Amino acid sequence: MIDLRNVTVQAGTFRLERVSFTVQAGDYAALMGRTGRGKTTLLEAICGLRPVMAGQILLHDTDVTHWAPGDRQIGYVPQDLALFPTMTVRHHFEFALRLRHWSTADVTARVTEVAEMLGVARLLDRRVKGLSGGESQRVALGRALSFRPQVLLLDEPLSALDQETRQEMYGVLKSVKQATGVTVLHVTHNREDAEALANRTLVLHDGQIHAKNVD
Amino acid sequence: MASTQILIVSGSPETPVSRLPLRTRSDVPFFVVMSGLSSTFIILIVLMLVANVLFTSTDDIQAALAKPEIQAAFRLTLLSCTIAALLSLWVATPLGYLLSRYRFPGRTVIDTLIEIPIVLPPLVVGLSLLILFHLPFGGEGRWTLDAFLEKSLGFQFTYRWPAVILAQFAVACAFSVRTMHVTFDQINPRAEDVARTLGCSRSQAFLYVALPQAWRGLVTAGTTAWARALGEFGPILVFAGATRMKTEVLSTTVFLELSIGNLNAAVAVSLLMVIMASLVLVILRLIGLRLTT
């Protein structure tokens, strides 16, 4: 569960004040709003990449407002994906697991599992440079899901894809959601993305969240 | 005079366009003016090198290289330039990263301070180092930094080989910092953010994600520092002196040989430095080429 209580966050001169919303465990929520309204800033605050000036962020009823990003168990896919150019796809999937000192056997098993779930097993030993848009999306998603996070934050992950690849990624995201049961907060300005994927839509307007359930 | 090749490409948008540079008759004045202006500098450098080569002979070069003082200067040059380059990288990497990634009070001041060794006359850098190491301090002003280091570490700087390295480092490091700053500016900081959400501390994100991406910049910064240290003369002369077999490096060898009227040896050593610098610059160009492709 993602629970924001009167969160105030600042990015340069831009400021979001007293934002509150809840995404129930297992939900797929789309966070919509026009460009420049603070959707990414909010996501960064939940990740722990941007300090919170006031309010509380709770993940599964635990106050993580002042926790380091790595302690929050959040999988994060930024808009530009930010893949690691010097690493292979396998290294991307292994990265978080090695930091958590998983055994080699467990790492290998998990990497295979993630690669098969996302359909990138044949790409495991390739460097990320030269991958197509859809393949890069899957790698970024696999990297974020590798350590079995409880929450997945997606920042406009489909915005740069063509219509065909976008449709393909809808299928991937739905199957990931079904397979992992992870709570998803997906930032988008595309209504079609929200309608295809989310069971709950949050709209950020004038610094306030307006929510509606889709189903 | 060879006639200018004119390639005129015409056709509908569907026509495949030649990958050769598009040159029409109207482009000719542009290329003539641009290449004419550019060539003046290139011709100057080539003529200087040719003059050096014509002035000296292989016998002169062999005779110069056979002198034990010049051999010692060659060894000290290689050693001091390498140490100064490594020290520059050691400092420039964290400093370049901090300046690139963070906005903090005094950042502009630090950015300006780094430029000072670049804009100051080299002699002033040497003089400033000399003053720093000999400025009296302590209760009765009996101590100097040089005396303190000698007493506490058994290590005297001024007019000894460490002074050569420090003088080279003082200037070369500024160039390395600038290179590393630009290098980290070109690396997406978001990747380090993602690494932190995956469990990295800031140090781990720097070591595992940012630094591996910066390796070409590291090579360039190291090579620039090495080449810069090779050409350093003024600060070394003032701070380390030019004592034969002790603090003499190739740049000071040229000065010493000139001062005793041995022009042949001075030119021979100059050519040796040109060869060393060229090797380093060729490596730089190759790295730059790989970066762009």
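The values are calculated or read from the model by the stated rules, or taken from the named source; none is laboratory data. Nothing here was measured: the structure is a model prediction, and the numbers come from that model. Positions of Cβ are backbone-derived with ideal geometry, glycine not excepted, and every protein chain shown enters the neighbour counts.
Give the residue, chosen from A:Gly75, A:Gly133, that is in contact with a helix residue (DSSP H, G or I) (Cβ under 8 Å, 6 or more places away or on another chain), closer than 17 Å to A:Met169 by Cβ and at pLDDT 95 or above. So the residue among A:Gly75, A:Gly133 that is in contact with a helix residue (DSSP H, G or I) (Cβ under 8 Å, 6 or more places away or on another chain), closer than 17 Å to A:Met169 by Cβ and at pLDDT 95 or above is A:Gly75.
Only one of the listed residues (B:Ala225, B:Ala195, B:Ala205) is within 13 Å of chain A (Cβ to nearest Cβ), among the small types (Gly, Ala, Ser), crowded, with 24+ Cβ neighbours inside 10 Å and in a helix (DSSP H, G or I). That residue is B:Ala195. Residue pairs whose Cβ atoms lie under 9 Å apart, sitting 6 or more positions apart in sequence or on different chains, and linking a residue in region A:61-73 that is of a type in the set (Asp, Glu) to a partner that is in a loop (DSSP other than H, G, I, E, B), are A:Asp61/A:Met1; A:Asp71/A:Gly48; A:Asp71/A:Val64; A:Asp71/B:Gly199. On the given criteria, is B:Leu211 out of contact with any helix residue (DSSP H, G or I) (no Cβ under 8 Å at 6 or more places or on another chain) and either more than 7 Å from chain A (Cβ to nearest Cβ) or part of a loop (DSSP other than H, G, I, E, B) (or both)? So B:Leu211 fails the test. Could you identify the single residue in B:Thr252, B:Thr247 that is crowded, with 20+ Cβ neighbours inside 10 Å, more than 12 Å from chain A (Cβ to nearest Cβ) and in contact with a Lys or Arg (Cβ under 8 Å, 6 or more places away or on another chain)? One residue alone meets the criteria, B:Thr247. Report whether or not A:Asp125 is within 30 Å of A:Leu16 (Cβ to Cβ), exposed (fewer than 13 other Cβ atoms within 10 Å of the Cβ) and over 13 Å from the mean Cα position of the chain (by Cα). No, not satisfied. Where helices (runs of 4 or more DSSP H) fall wholly inside region A:65-181, the ranges with 3 or more residues that are farther than 30 Å from A:Met53 by Cα and away from every other protein chain (no Cβ under 14 Å) are A:104-118, A:133-145, A:163-180.
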